[in-house]
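The values are calculated or read from the model by the stated rules, or taken from the named source; none is laboratory data. Keep in mind it's a predicted model, so treat the numbers as computed, not measured. Using ideal geometry, Cβ is built from the backbone for each residue, glycine included, and neighbour counts are taken over all protein chains shown. Calculation scope for accessible area: heavy atoms of the full protein, side chains included, ligands and nucleic acids excluded. Shrake-Rupley method; radii C 1.70, N 1.55, O 1.52, S 1.80 Å.
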Amino acid sequence: MERRLFVLLLHLKELNVSSVTNWNNMQEMDNISLTNSQVILMGILEIGNWRYLYSLGIILNTVPVLVLSSLILFVTYTEEALHQPMYIFISNLMFNEIYTTIFTSKLLIDVLSGRYTIPFVECLVQGFFMQSCPCVEMFTFTVMAYDRYLAIGHPLRYPMLMTNKTALRILLAIWVYVLVGIGICVMLTSRQTLCGVEINSMFCETISLNHLSCDGTYSVDFGFTWDFIMLVGCGFVVLYCYIRTFIVCFSISGDASRKALHTLVTHMIAFSTFFTSFVFPVFRYRYKGDAETVMSHILFSLPGALSFFLNPLIYGFRIEALRKKILQKLTREKREISDRGKKRKN
């Protein structure tokens, strides 16, 4: 009850309301449309003095990912030998990692500054970025699984079935579909009348905003159905492709089978890590709960942070051709810097 009173007082302060007549009037605030007000991120408010440690974790996670993802993108773009569908799809994952830093940078600023209120429009924009990133990644992993199935199961027809232009068209379709779809979800959420201001999280997304809707849980159920269909649909395609690819791998010669299995296991590790981190928030935000502890906010952040951190490492070090090109590029750059230094001394 005291926490509820505290939140209502914060909201009244944002609206510049000068006085409150009595406790009953304050309780009636729950039935007032708050669409144009400030939304309160209870996760940032509740994390308190832990925010500096949490911010350090964001920095230690984001900086290496940003550097390695940019390096993989640069090497893939400049090395003609890597102009193949598989590396185009990997590059899209790395681009999505960089795209995600827009969201993580905003989260870092809010946590460091202790800013726990956010305008409703800004909240919608943040939700757009936060929700589009995992959707793009999910569809990209699905296409990558199908690409590996074609490459290993149909090697002779693969150059015709999956060209670079085809890969680029598929990725363009993914981005358009996701951005338009998430944009529609955000637009529908913006038209709702809200009866509360508390989001039980450290960032905004439409699921929590839908929980605040005065119109019931229809939009929540619709969002859950959409997420469930995407998870099941993509999960089924990935599982089917991996099973068929495994069967093919065990039927071909030893060395070719070893290389194919190594690449396949790499994709499976990355996808499994991401899928776990994606399912976590989908089911977490489908219920209305009480305030969470500081530890729960941190624990719920770990799966997504782990997937975000591991993707560049997995593909940068486990894919042999990509790893060799990265090391060659770094060695070449180091040699050039050393040669320029020697010329200046001479």
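When V238 is tested against (1) at pLDDT 85 or above; (2) surrounded by fewer than 21 Cβ atoms within 10 Å (Cβ to Cβ), exactly one condition is not met: (2). For the stretch 145-171, the set of residues classified as open to solvent by 70 Å² or more (accessible area, probe 1.4 Å) and either in contact (Cβ under 8 Å) with a residue 12 or more places away in the chain or touching an Asp or Glu at 6+ places or on another chain (Cβ under 7 Å) (or both) consists of Y146, L168, listed by residue number.
If you go through the stretch 68-86, how many residues are more than 20 Å from the chain's Cα centre (by Cα) and part of a helix (DSSP H, G or I)? Qualifying residue count, the stretch 68-86: 10. Look at (1) modelled with pLDDT under 85; (2) open to solvent by 50 Å² or more (accessible area, probe 1.4 Å); (3) closer than 20 Å to S132 by Cα and you find that F203 fails only one, number (2).
If the condition is being in contact with a Ser or Thr (Cβ under 8 Å, 6 or more places away or on another chain) and under 27 Å from Y158 (Cβ atoms), then the stretch 63-82 contributes I72, L73, T76, Y77, L82.
Tell me, yes or no, whether the stretch 212-221 has at least one residue that is aromatic (F, W, Y) and modelled with pLDDT of 85 or more. Scanning the stretch 212-221 turns up no residue that is aromatic (F, W, Y) and modelled with pLDDT of 85 or more. Checking each residue of the stretch 86-95 against the condition of being β-branched (V, I, T) and either surrounded by fewer than 18 Cβ atoms within 10 Å (Cβ to Cβ) or at pLDDT 85 or above (or both) gives at least one match.
If you go through the stretch 58-82 and pick out every residue that is touching a residue at least 40 places away in the same chain (Cβ under 8 Å), open to solvent by 30 Å² or more (accessible area, probe 1.4 Å) and over 19 Å from R332 (Cβ atoms), you end up with 2. Restricting attention to the stretch 98-123 and to residues that are among the hydrophobic types (A, V, I, L, M, F, W, C) and open to solvent by 20 Å² or more (accessible area, probe 1.4 Å), the residue that is farthest from F228 (Cα to Cα) turns out to be L112. Residue pairs whose Cβ atoms lie under 9 Å apart, separated by 6 or more positions or on different chains, with the first residue in the stretch 172-196 and open to solvent by 80 Å² or more (accessible area, probe 1.4 Å) and the second among the hydroxyl-bearing types (S, T, Y) and assigned to a helix (DSSP H, G or I), are L188/T206; L188/S219. Checking every residue in the stretch 58-67 against the condition of being modelled with pLDDT under 85 and farther than 20 Å from F308 by Cβ gives zero matches. Against the definition (more than 29 Å from F139 (Cα to Cα), β-branched (V, I, T) and either at pLDDT below 85 or surrounded by 14 or more Cβ atoms within 10 Å (Cβ to Cβ) (or both)), how does I337 come out, yes or no? Taking the combined requirement at face value, the residue satisfies it.
The residue that is nearest to T100 (Cα to Cα), counting only those in the stretch 293-319 that are modelled with pLDDT under 70 and buried (at least 17 other Cβ atoms within 10 Å of the Cβ), is G304.
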